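See below for the structure under consideration.
The values are calculated or read from the model by the stated rules, or taken from the named source; none is laboratory data. None of the values given here were measured: they were computed from a predicted structure. Cβ atoms come from the backbone with ideal geometry, glycine included; neighbour counts cover every protein chain shown.
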Amino acid sequence: MCNTACPGNTWPKWWHKVKEDPCSEIRADRDRHKGWLEHTETDLANWKGWFSDLEKERKRYKGLYEDEKDETESLGRELAARDSAITKLTKDVGTARLERDNFREQVKKEVNKLVKERVAWNKKKDGFNTELLRQLALIKEQETEIKLLSYLKNSVAYKVGRFIVELITSLRGGDGK
């Protein structure tokens, strides 16, 4: 189904080659990867520093977001900080295009998340304002009803009606029917 290390029907030729120089394949692999092996430690140290810088930037962004109270200003500062961070990382990384693009995608996702949160917050705020206006209208209606009832209670017709009810109640013997 696929190639393997087994020499197959070329075994006699392979065995003769192995008998003459058993380490030839190992030397060929070593020579092929020698340049890569020489620079691995330096590259790893550079990447470690880069990832450390990314972690510091992540912590800084998290602090900015948590400390911010006004969402509009927070979003503006966050976008400016991320744009400057992207510019700095683009200059510093240079050869790491794939990593840079992945970081940009993360930033876009986080910015989109912040924008969606802002839109949701505005919808909640608008809903709250609508409910507040509805409650104020109800309060005004109730104030009008209270004024009307107060007026009716103090009117002569109300007092006469009340007197008639009390008179009939006393004439019937006070049973209230």
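Considering (1) within 40 Å of the chain's Cα centre (by Cα); (2) over 25 Å from residue 113 (Cβ atoms); (3) at pLDDT below 70, the lone condition that residue 39 does not fulfil carries the number (3). Of all residues in the stretch 149-173, none that is without any contact (Cβ under 8 Å) to a residue 60 or more places away in the chain has its Cβ atom under 7 Å from the Cβ atom of a residue that is in a helix (DSSP H, G or I) and of a type in the set (Gly, Ala, Ser), 6 or more apart or on another chain. Of everything in the stretch 48-71 that is modelled with pLDDT of 80 or more and of a type in the set (A, V, I, L, M, F, W, C), the residue that is nearest to residue 125 (Cα to Cα) is 54.
Checked against (1) modelled with pLDDT under 80; (2) exposed (fewer than 15 other Cβ atoms within 10 Å of the Cβ), residue 74 passes all but a single condition, namely (2).
Tally the residues that are β-branched (Val, Ile, Thr) and more than 16 Å from the chain's Cα centre (by Cα), restricting the search to the stretch 99-137.
Taking the stretch 99-137 and keeping what is β-branched (Val, Ile, Thr), we get 107, 111, 115, 119, 130.
Restricting the remaining residues to those that are more than 16 Å from the chain's Cα centre (by Cα) gives 130.
Counting residues in the stretch 99-137 that are β-branched (Val, Ile, Thr) and more than 16 Å from the chain's Cα centre (by Cα) gives 1.
For the stretch 102-120, filtering for residues that are loosely packed, with under 12 Cβ neighbours inside 10 Å and of a type in the set (Val, Ile, Thr) leaves 1.
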